[in-house]
Amino acid sequence: MSTETESIVTASAGSRSVRRELRQVRRAEGGKIPSTAGRRAAVRRETAAGYGFLVPWLIGFLGLTVGPMVFSLYLAFTKYNLFTEPEWIGLDNFVRMFTEDPNYIQSVQITLVYVLVGTPIKLAAALGIAMLLNYRDRGSGFFRSSFYAPSLIGASVSVAIVWRAMFSNDGPVDNSLSFFGIDLGGWVGNVQLVIPMMILLAVWQFGAPMVIFLAGLKQIPQELYEAAEVDGAGPWHKFRNVTIPMLSSVIFFNLLLELINAFQVFASAYIISNGSGGPAGMTNFYTLYLYKRGFADLQMGYASAMAWVLVIAVAIIAFILFKTQKSWVHYAGENR
Amino acid sequence: MTTFEAPRVEVVENALEPGSSTQPRRRVKRRTINTVIWFVVLLAFTAIVLYPLLWLFLSTFKPSSEFAQNPGLIPENPTFDNYTKVVEGIAGTPLWRFFANSFFIAIMAVVGTVLSSALAAYAFARIKFRGVGVLFAAMIGTLLLPFHVIIIPQYVLFNKLELVDTYWPLILPKFLATEAFFVFLIVQFIRNIPRDMDEAARIDGAGHIRIFFSIILPLIKPALITSAIFTFIWTWNDFLGPLLYINSPEKYPLPIALRLYNDATSTSDYGATAAVSFLALVPILIFFIVFQRFLVAGVATQGLKG
């Protein structure tokens, strides 16, 4: 045991001394032409190795991300149906979108409602339950796993089918609400209830942000709570003045991620409405409408324009979040 | 004196409890009561959260005719008919075929993602070369990119290559590390590994390929496992990809086959739809139960270092 560690120590000490020697040799040669050439060769070797390792990623990045982005930006200004050549029509797609297509406007509206109402509720649920889990350690592992499970399967077709069945007329939800004297009927076909139903499906998947919140909560030093208590702070003040500021970077991260994800809800809306976006277009979420325009109607130019509006919207949201983070996000080690 | 000893320990433990200046005995009691309340509240939440899954599972034993009258959990006339019926499959394709297709796509995706992401992550984390900063920033940028902006050109591309209705459009991108999430996850993991080992190997004359395979790869196993599990689950659940690219029923993976059930039978055969929906979730649930440690750790580290 001891000899082994010893040999490791001497080995590492040996390598360290070798390194020192090398450095000395290099320093001694510094300025001379052969060493610069040698260093240049080393740099070249590193560059070759770097790009060598990146070959698969680079092909994917250029061929399947950047290239397609450029092409779709071009398509956004054309009329294109996959079979004939794209025809340049300038800004017509964008003009049509915002002035002549009520379905588009509705799609934007319901998507915004879904994102802006659903995401805060989901994050509030995630934070609330995370704090509850953080209260005691014993048994919290089981609860954490149970709460996390829906996040893994929430986007699947199976769950969308279950959701539709649960919220159908005389289904489990309707039935339990009737028990309390609330008779709403089926949510699926109801113009007013179908978005709340979709939001509930999103909130049900609070587990992923919850796990992130929980990891953040565990890193808040207990001394801060003790100090707040000495100052006579109650639970609300501790939450407001310790938990929230200490967790702000995690809140920021979750908010950014969940907002962007929420914009891209697709499979559940497709399955719940049988691909129609109904009733009355109330599940015609942005990406579902984009899919229908692009692949059912083969208006690929129009769909590309829609996709770019989405990219710009997401970029603006990310930009606003990053801009405002200075005023409310505190990172550890920073002076406040 | 002994009566003083025991409560003192409690005082230390309860330093954070509100009202810790009251009598120790009552405090212990209150702590127990709080724990019980905590447990019951969480149990209630668990019941609500898991109810849809339990309902689905038990519904697979309900005859289709029972769905309209019995929205409850327990089947009145439990039967295995739904399962025997769905095994035959739909659209002339047996059920096992959809499972096999899903497994094939998911496993190829796992192999591709893990390999290509690990290679890229090593370059980003360990090799210093001109342009690495810019490329890394670009990679992070793709994390936030709504992928809908590239599906149309990608479709046009794969259509030109005559690869529509094959698995290539679903698998090839995975071998090219297009899931930036995993590259990022592995980069973070490699950065936490001390450099001493690879520097020592370097002085012994090992190149990047040697260092990658014999030093880094064995050390990043947990990150690779996390990436593999997430890739499997996401690919297994993926609906849009196969919806766009796969047209022949015998090539359908499960989510698309499920849509067939949903469209064809939702008005009449709830039982069959429920049974297939449940069966499609089984592999994920098994994965989850076996690997939950890795999944939760993966999510947590990703969040805190992001």
Per-residue average of other protein chain Cβ atoms inside 10 Å, peptide B:273-284 -> 4
Excluding residues fewer than 8 positions from residue B:62 in its own chain, the lysines with Cα under 25 Å of it are B:85
Unit-weight point scatterers at every alpha-carbon of the protein assembly as shown, Debye formula, q = 0.09, 0.10 1/Å: log10 I(q)/I(0) is -0.88, -1.05
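Could you give the length gained by full extension between residue B:30 and residue B:165, i.e. 0.36 nm per residue of separation minus their alpha carbon distance, to one decimal place?
Stretched out fully, the residue B:30 to residue B:165 stretch lengthens by 42.2 nm.
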In units of 2.2 N^0.38 Å, the Cα radius of gyration of the range B:94-159 is 1.54
Those helices of chain A passing the 30 Å axial Cα length cut-off and the mean Kyte-Doolittle cut-off of 1.0 (DSSP H runs only) are A:102-135, A:300-328
Evaluated at 20 °C and 1.002 mPa s, the Stokes-Einstein D of the range A:216-259 based on the Kirkwood radius over Cα pairs, in µm²/s, stands at 193
Most exposed to least, judged by fewest other Cβ atoms within 10 Å, A:244, B:105 sort to A:244, B:105
The range B:88-305: relative contact order from alpha carbon pairs under 8 Å, six or more residues apart, as a whole percent, is 33
Rounded to two decimals, the Rg over Rh value of the range A:95-141 from Cα coordinates and the Kirkwood Rh reads 1.42
In whole Å, largest first, the alpha carbons of the range A:36-136 cover along the principal axes 65, 64, 24
Across the alpha-carbon set of chain A, Rg over Rh with Rh taken as the Kirkwood radius works out to 1.12
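For the range A:76-200, what does the relative contact order come out to in percent, with C-alpha contacts under 8 Å and a separation of six or more?
15
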Here the range A:230-306 gives, from Cα atoms, an Rg and Dmax in Å of 20.7, 67
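At 0.36 nm per residue, minus the direct Cα-Cα distance, what do residue A:240 and residue A:180 gain on full extension? Give it in nm, one decimal, please. Mind dumping the intermediate values first?
On the way: separation 60, 0.36 × 60 = 21.60 nm, distance 3.55 nm.
That works out to 18.1 nm of additional length.
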If each part is reduced to its alpha-carbon centroid, the range A:198-251 and the range A:43-71 end up apart, in Å, by 40
Semi-axes (Å, rounded, descending) of the ellipsoid equivalent to chain B per its C-alpha gyration tensor are 41, 39, 15
Ranking A:159, A:250, B:89 by how far each Cα lies towards the positive end of the charge dipole of the protein assembly as shown (+1 on Lys and Arg Cβ, -1 on Asp and Glu Cβ), the top one is A:250
Looks like the range A:97-186, by Cα gyration tensor root eigenvalues a ≥ b ≥ c and the a/c under 1.5 rounded cutoff (else prolate when a/b is bigger than b/c, oblate otherwise), is oblate
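No value in this document is a laboratory result; all are computed from the given coordinates. Predicted model, so just to flag it, every value in this text is computed and none were measured. As a convention, Cβ positions derive from the backbone with ideal geometry for all residues, glycine included, and neighbour counts pool all protein chains shown.
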